[in-house]
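**Q** After the structure tokens below, expect a handful of questions from me.
Read-outs throughout are calculated quantities, based only on the coordinates presented, and are distinct from any laboratory measurement. A quick note: this is a predicted structure, and the numbers were derived from the prediction, not measured. No Cβ is skipped: glycine too gets one built from the backbone with ideal geometry, and neighbour counts run over all protein chains shown.
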Amino acid sequence: MNAEPAAFPDRETVADKLATLGEPERAWLALLMENPQQDENLLEGLGLYIDRAAAARVLNTLKLERLGEWLGAAAPGRLQGRLMEIARSSQHAAYAAFRAGLARSGGLDRAYPKA
């Protein structure tokens, strides 16, 4: 047997699920976040989704903020730092909106409480 992480789902699939983010997609993403082997696929898909939003003709900042809030609240502690890393990786307004929602969720503070 091969010990490498499964290639399913690919980053395009994750980005598409993040774009719609209905109740079935939230359940699917929550299940994906439970498996540490899928972290890279999730984070690459998130990066692709934000890049697509940044390149779009119209920037939906409210949708990006809501995504940041939901991911910050739903993601396990092991992902919180990496999510904030992605949010801070660019000065573009799309990343700023995602970062604002992520900060509002308080997920990083729950994962790493202040001493």
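**Q** Given the Cα-Cα distance of ARG66 and GLU44 and 0.36 nm per residue of separation, how much length would full extension add, in nm?
**A** On the way: separation 22, 0.36 × 22 = 7.92 nm, distance 1.89 nm.
Full-extension gain reported as 6.0 nm.
**Q** Would you look at the GNM of the chain, springs on alpha carbons closer than 10 Å, and say which of ALA73, ALA30, ALA55 moves the most?
**A** Answer for the Gaussian network model of the chain: ALA55.
**Q** So how many Å³ per residue does the convex hull of the Cα atoms of the stretch 44-111 work out to? Walk me through the numbers before you get to the answer.
**A** On the way: hull volume 4.6 nm³, N = 68.
Once divided by residue count, the hull of the stretch 44-111 is 67 Å³.
**Q** I've got another one for you. Only four residue types carry charge here, +1 at the Cβ of Lys and Arg and -1 at the Cβ of Asp and Glu. Report the dipole size of the chain about the Cα centre in Debye, rounded to the nearest 20. It would help to have the intermediate numbers written out before the result.
**A** On the way: 14 positive and 15 negative charges, 111 e Å.
Using Cβ point charges on Lys, Arg, Asp and Glu, the chain gives about 540 debye.
**Q** Hey, how much of the P(r) for the chain falls beyond 17 Å, as a percent of Cα pairs?
**A** Numbers: 3438 of 6555 pairs.
Tail of P(r) above 17 Å: 52 percent of Cα pairs.
**Q** Still on this structure, I have one more. Can you give the relative contact order of the stretch 11-111 as a percent, counting alpha carbon pairs under 8 Å and 6+ residues apart? Walk me through the intermediate numbers first.
**A** Values: 123 pairs, mean separation 29.0, N = 101.
Answer for the stretch 11-111 is 29 percent.
**Q** In the stretch 1-88, which trypsin sites (Lys or Arg not before Pro) fall in coil by DSSP and have 15 or fewer other Cβ atoms within 10 Å?
**A** ARG57, ARG88
**Q** At what distance in nm do the modelled label points of ARG52 and GLN91 sit from each other, each positioned 7 Å from its Cα along Cα→Cβ?
**A** 2.7
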